[in-house]
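Inspection log for the structure reproduced underneath, given as structure tokens.
The values are calculated or read from the model by the stated rules, or taken from the named source; none is laboratory data. Just so we're clear, the structure is a prediction, and the values are computed from it rather than from any experiment. Neighbour counts run over all protein chains shown; Cβ positions are idealised from the backbone, glycine included. For accessibility, only protein heavy atoms count, side chains too; no ligands or nucleic acids. Shrake-Rupley method; radii C 1.70, N 1.55, O 1.52, S 1.80 Å.
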Amino acid sequence: MWQSDRQADELVILSLGGGVQSSTLLLMMEHGEVERADVAIFADTMAEPASLYQYLDYLRTQTSIPILTCSQGNLEQHILNGVRTGARVSQAPFYVCNPNKPGDRKGMLWRACTRYFKLAPLRREYRKQMAERGVKRAVSVIGISLDECSRMKDSGVKYLRNEYPLIDMRITRTGCLQWMSDHGYRLPSKSACYFCQYTSNARWIEMRKHEPDTFARAVAFDAEIRTNKLPGVHGDCFVHRRAVPLMDATDDGGQMALDLGTGERDFQQECEGMCGV
């Protein structure tokens with residue numbers, strides 16, 4: 001069994017994203033293969049696809065570990081309020097294109113959404129749980145797998161340290177899926193906001209086919225961030241890496257899924273290690 005280097009005065013918290021890796025860790029804890037966390041915490045951006053919330057409900061039926069939810073608010077509405085009113089936003093890393101040259105992608109915006117809508121509410125809830133239990137330190141168990149080891153980060157604060165059981169056990173994302181299958185669990189998809197710019201081409205196509213309501217929201221959101229500009233941004237913004245409207249990017253008979261640039265490699269550069277697990 002994997003065990004953390006836990007001290008007597010530390011609280012063990014699973015950072016639960018509802019995706020493959022963190023869900024596998026939660027269920028491994030139930031099977032005694034990973035040291036049990038005191039609590040699992042999900043940071044809700046209120047902009048995840050419906051399938052993610054449904055899977056979290058399923059997980060609650062499969063574990064005795066308390067699953068708590070914290071939130072900074074609705075990220076979708078936060079961004080849309082910014083483009084509608086000009087208010088400052090914790091922006092997502094949209095692809096930016098020259099409005100006079102369609103398809104001429106300049107790059108990506110600086111990412112603030114993870115820090116303010118994932119990390120900040122998690123840290124706040126960690127401190128709350130620590131205070132309620134009368135401890136001053138915590139261990140954050142994070143579901144980053146061996147194939148994503150580049151996403152490992154120190155916590156950056158003295159009261160909290162991060163641990164990565166899947167990396168210690170040398171388990172990949174594929175290995176997590178296999179473990180869940182072998183134990184008869186439903187398989188989750190990637191945890192990410194429905195308009196996440198690191199969504200792979202295959203995932204966009206899957207969303208359009210199997211989650212049409214969520215995809216329609218993404219298409220409408222993608223259009224609005226160009227109809228009304230993000231404050232301080234010179235150029236058109238897009239959620240798709242091709243810097244073209246999302247509906248156009250996925251309306252190519254599936255050819256998009258064959259692209260080598262799927263977005264997965266970009267996602268591994270996600271700065272805080274809190275999204276997509």
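Some observations on this one:
- For the stretch 117-223, average projected area of the Cα convex hull in nm²: 9.5
- The value of relative contact order for the chain, using C-alpha pairs under 8 Å at least six residues apart, is 26 percent.
- Debye intensity ratio I(q)/I(0), log10, the chain, q values 0.11, 0.15, 0.17 Å⁻¹ (C-alpha model): -0.64, -1.13, -1.38
- When the convex hull of its Cα atoms is viewed from all sides, the stretch 1-88 shows a mean projected area of 7.4 nm².
- Computed [θ] at 222 nm, helices only, for the chain once each DSSP H run of length n ≥ 4 contributes -39500 (n - 2.57): -10000 deg cm²/dmol
- Helix 173-182 vs. the chain, principal-axis angle (Cα, 0 to 90°, nearest 10): 60
- Considering every alpha-carbon pair of the stretch 55-159, the percent of pairs per 5 Å bin, from zero through the bin containing the longest distance, is 2, 9, 12, 15, 18, 16, 12, 8, 4, 2, 1, 0.
- Accessible area in the full protein assembly, largest first, 1.4 Å probe, for Lys158, Lys190, Lys106: Lys158, Lys106, Lys190
- Selection from His78, Ala216, Val139 lying farthest towards where the dipole of the chain points positive, charges on Cβ: His78
- Of all DSSP bridge pairs formed entirely within the chain, close to 25 percent run antiparallel.
- Carbon and sulfur %, accessible surface of the chain computed with the full protein complex present, 1.4 Å: 48
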